[in-house]
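Just below is one structure, and these are the notes that go with it.
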Amino acid sequence: MSQVPNPTGTEITASGVEHLSWIQRAKETGQDRARNIRDKHGTNDPFQIALEGDIEINRDTWDGFDSVQLLGTYSDDVITLYEAQIDRVADTADIDRIVLREAVCSHELAHYLLEQNPPEWRDQYSPIERVLRWLPLRRTSRPSRRSLEECAAHSFATTLVPESVVSFAQQSQ
Ligand SMILES: [Zn+2]
């Protein structure tokens, strides 16, 4: 996907991105948010950013299931990192464990930031539109809000932690 330059570093207005696809918008949001938060805190260390933002980080040793690779979660101002899962994926994929932890933390940090300051595409559907889009004849080509958020969070993580530009960050929720 090609990138649209945004030299101001601020978020593009809704009208300015009308021509972009929804996914592209989400990706841009992730990139912009990552650059902004890095500039604000003067670091790209997601753990330090979380600390300064009063976001709690839990470490859980839950080992999950073989078929599920849940590396991290975000809920109610708390990021949880599933250390055993992270270790396993790092081992299996031969990825630096430190980088993977940073990538997962960044991804979950993005969910926090998107919740704190919702992008214009987050409320793309009115309640009635949400209902209608599940009816067969009214399906739209717009991705779900959830998938847009995942796209933005992934884009955020790969911008904040450039070493993590691999698909593993998409595995986290
Ligand atoms: Zn996610």
Proxy reagent accessibility, fewest Cβ within 10 Å first, across I23, I79:
I23, I79
Where does each of F156, F47 land when they are ranked from fewest to most other beta-carbon atoms within 10 angstrom?
F47, F156
So V78 and E56, fully extended at 0.36 nm per residue minus their Cα-Cα distance, gain in nm 7.4 nm
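Quick note: the coordinates plus some simple rules give every number you see, no bench work behind them. None of these values were measured; they are calculated from a predicted model. Note: ideal-geometry Cβ built from the backbone for every residue, glycine included; neighbour counts use all protein chains shown.
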